[in-house]
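The values are calculated or read from the model by the stated rules, or taken from the named source; none is laboratory data. Everything numeric here is computed off the predicted structure, so don't read it as measured data. Backbone-built Cβ (ideal geometry, glycine too); neighbour counts: all protein chains shown.
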Amino acid sequence: RADEPWEASVRRSVLVDLAFGTEDWVADAALFALVATAWLVPDVRDDVAGLVAERFDAAVRAYRTREVTLLRSLTELVLATPRMPGEVKEAAAQRLAALDAERS
């Protein structure tokens, strides 16, 4: 329900559960929905930036030992998230450059 306060809302809870679940298109879609919400609802931007940054950090750590199929998309979402801290954006930009270099 759109009239629920964000922090305690069912929509936030569901999106967070999906975003931090299995690394697949569902997690990717949930993260995209969180970022889209942050663009539309300025009051949630800090929360969403924190969630996306946390998921990005987990994906980067996992990538050290195994493939993370949504890492490129997640990196692009970090760069698109409003109020994302500069150091996280810089890490995402570096990761994106590294992923591009691996493709070459």
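Consider only pairs whose beta carbons are under 8 Å apart and that are at least six residues apart or on different chains; among these, list those whose first residue lies in region 25-38 and is free of Cβ contacts under 8 Å to residues at least 24 places away in the same chain and surrounded by fewer than 17 Cβ atoms within 10 Å (Cβ to Cβ) and whose second residue is basic (Lys, Arg) and not in a helix (DSSP H, G or I).
Matching pairs, first to second residue: none at all.
If I ask for residues that are in contact with a helix residue (DSSP H, G or I) (Cβ under 8 Å, 6 or more places away or on another chain) and at pLDDT 95 or above, which ones from region 22-38 would you list?
Val26, Ala27, Asp28, Ala29, Ala30, Leu31, Phe32, Ala33, Leu34, Val35, Thr37, Ala38, listed by residue number.
Has region 62-69 got any residue that is surrounded by 15 or more Cβ atoms within 10 Å (Cβ to Cβ), within 24 Å of Trp39 (Cβ to Cβ), free of Cβ contacts under 8 Å to residues at least 60 places away in the same chain and not aromatic (Phe, Trp, Tyr)?
No, every residue in region 62-69 fails to be surrounded by 15 or more Cβ atoms within 10 Å (Cβ to Cβ), within 24 Å of Trp39 (Cβ to Cβ), free of Cβ contacts under 8 Å to residues at least 60 places away in the same chain and not aromatic (Phe, Trp, Tyr).
Among Val78, Val14, which is the only one that is surrounded by 13 or more Cβ atoms within 10 Å (Cβ to Cβ), in a helix (DSSP H, G or I), among the β-branched types (Val, Ile, Thr) and modelled with pLDDT of 95 or more?
Values: Val14 fails: surrounded by 13 or more Cβ atoms within 10 Å (Cβ to Cβ).
Matching residue, one of Val78, Val14: Val78.
Could you please give the count of residues in region 48-102 that are within 29 Å of Trp6 (Cα to Cα), of a type in the set (Asp, Glu) and over 11 Å from the mean Cα position of the chain (by Cα)?
2
Filter region 17-47 down to residues that are assigned to a helix (DSSP H, G or I) and of a type in the set (Phe, Trp, Tyr) and give me whichever is nearest to the chain's Cα centre (by Cα). Steps first, please.
The first filter runs over region 17-47 and keeps only residues assigned to a helix (DSSP H, G or I), leaving 17-19, 25-40, 42-47.
Pick out the ones that are also of a type in the set (Phe, Trp, Tyr) and you get 25, 32, 39.
On the way: Trp25: 13, Phe32: 7, Trp39: 13 Å.
Checking each candidate, the answer is Phe32.
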